[in-house]
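Read the structure below first, then the notes.
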Amino acid sequence: MAHDTFPADTVSADIAHGVVAIVVTPNRLPLLATCVAAILGQQPRPERLGGVDSGSRDGTPEGLATQAEEWGDALVVGRQANCGSAGAYPPAFETALGFGARWIWSPDDDGIPQPGALAELLVQAKHHGLSMVGPLGLAAEDRSTLAFPMQGTRDPDSLMARAVDGLAPGTIALFNGTLIGRAVFERIGNVKREMFIWGDEYEFTLRARRAGLKVGTAGKAPHIHPGMSRTGHKGLGGRLGTVETMRADRAPHFFRNMGYIHATYEKAGVIPRMIAKYTAHYLVNRDFRGLRVFLDSYLSGLRDEYPEELNRPPVRLPLPERPRAASSSSSEVA
């Protein structure tokens, strides 16, 4: 399937008025550089770029600061201790809103928005009256495949077969190249920072849908992103659905967040099914430690009980100096 981008020469530069791009990143300098270059290549491009570094040790803060030569005072760099994507997005969004952003664009540090993507997102948002619009996320490993499952498929042709005027309505994958209207934050608030990772974007999507906000995916705004790496298998031969497998350090966040989401947004029957599925999985595999982590974390999420350290504001870290040739003013976002 050909995913043509929007012809930039037919789009007025005024369409990007009030657009602020934000990128949050932890130790991904090479990927970040590619992402920022793709943002710079947009026509028209955002009025401002905000970067939040989450405790990187690979030169990321310095790499962001070098962008001052291109962006000048339109560049905003912040640095904080690593508190996951859920802890990095809120200060980034708050700063963009503080600058008066009408739209906030979140390309993600390992994503590559293709030429014309921003213009197409803006056009589709206006045409369909959307509060949030996402790009067509294609897997970097295989661009004929969606980076994330959407409406039960990884096939972009199947997804866009349901499109209306270039838009697949009602489906979106936050925060991977998503364009989010200011009114979204005014209506439903910010990202739930204590989620840390794995689930914050899904919870935000569910909150937006509950509020009746319109969302969609623009088929002609391709965005290249690594394919979803989480894996799973059928529990008890498929009788209990799919069991996610993950790194041990990610499991508490995943299960706690799923507990909160299930208690807040899902039907009551989901909760006992989840408990039965994972209890059976860990018992069959004689993984009693895994079972304990699952039960403790999931039940905490059902009660919306998160560790105190995840509720604290992020710790600010010092910023590197900007190159002397660039403007000396820099704002913190954290």
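The values are calculated or read from the model by the stated rules, or taken from the named source; none is laboratory data. From a predicted model like this one, the values you see are computed outputs, not experimental measurements. Counting neighbours? That spans all protein chains shown, and the Cβs are built from the backbone with ideal geometry, glycine included. Heads up: the accessible areas ignore ligands, DNA and RNA and are worked out on the full protein's heavy atoms, side chains in. Shrake-Rupley method; radii C 1.70, N 1.55, O 1.52, S 1.80 Å.
Taken together, the residues in segment 64-85 that are under 25 Å from residue 197 (Cβ atoms) and open to solvent by less than 20 Å² (accessible area, probe 1.4 Å) amount to 6. As a summary of the residue check, residue 144 satisfies the conditions (1) surrounded by 15 or more Cβ atoms within 10 Å (Cβ to Cβ); (2) part of a strand (DSSP E or B) except for the one numbered (1). Condition first: farther than 14 Å from residue 225 by Cα and free of Cβ contacts under 8 Å to residues at least 24 places away in the same chain. Now tell me which residues in segment 128-163 satisfy that. Within segment 128-163, 151, 152, 153, 155, 158, 161, 162 meet the criteria.
With respect to the conditions (1) assigned to a helix (DSSP H, G or I); (2) open to solvent by 20 Å² or more (accessible area, probe 1.4 Å); (3) more than 16 Å from residue 93 (Cα to Cα); (4) of a type outside the set (Gly, Ala, Ser), residue 187 lacks only one, and its number is (3). Residues in segment 244-276 that are β-branched (Val, Ile, Thr) and either assigned to a helix (DSSP H, G or I) or touching a Lys or Arg at 6+ places or on another chain (Cβ under 6 Å) (or both): 261, 264, 270, 271, 275. For segment 239-272, filtered to residues that are more than 27 Å from residue 86 (Cα to Cα) and in contact (Cβ under 8 Å) with a residue 24 or more places away in the chain, the residue that is surrounded by the most Cβ atoms within 10 Å (Cβ to Cβ) is 240. Only residues that are open to solvent by less than 30 Å² (accessible area, probe 1.4 Å) and in contact with a helix residue (DSSP H, G or I) (Cβ under 8 Å, 6 or more places away or on another chain) were counted in segment 158-172, giving 5. Of all residues in segment 32-66, those satisfying the criterion of being of a type in the set (Ser, Thr, Tyr) and under 18 Å from the mean Cα position of the chain (by Cα) are 34, 54. Pairs are defined by a Cβ separation below 6 Å, a sequence spacing of at least 6 or placement on different chains, a first member in segment 57-83 that is in a loop (DSSP other than H, G, I, E, B), and a second member that is hydrophobic (A, V, I, L, M, F, W, C); the pairs so defined are 58/29; 59/29; 67/75; 81/315. Just wondering, is there one or more residues in segment 105-128 that are within 28 Å of residue 311 (Cα to Cα), in a loop (DSSP other than H, G, I, E, B) and open to solvent by 30 Å² or more (accessible area, probe 1.4 Å)? For segment 105-128, residues within 28 Å of residue 311 (Cα to Cα), in a loop (DSSP other than H, G, I, E, B) and open to solvent by 30 Å² or more (accessible area, probe 1.4 Å): absent. The requirement of being in contact with an Asp or Glu (Cβ under 9 Å, 6 or more places away or on another chain), under 23 Å from residue 82 (Cβ atoms), among the small types (Gly, Ala, Ser) and open to solvent by less than 30 Å² (accessible area, probe 1.4 Å) is fulfilled nowhere in segment 206-220; no residue meets it.
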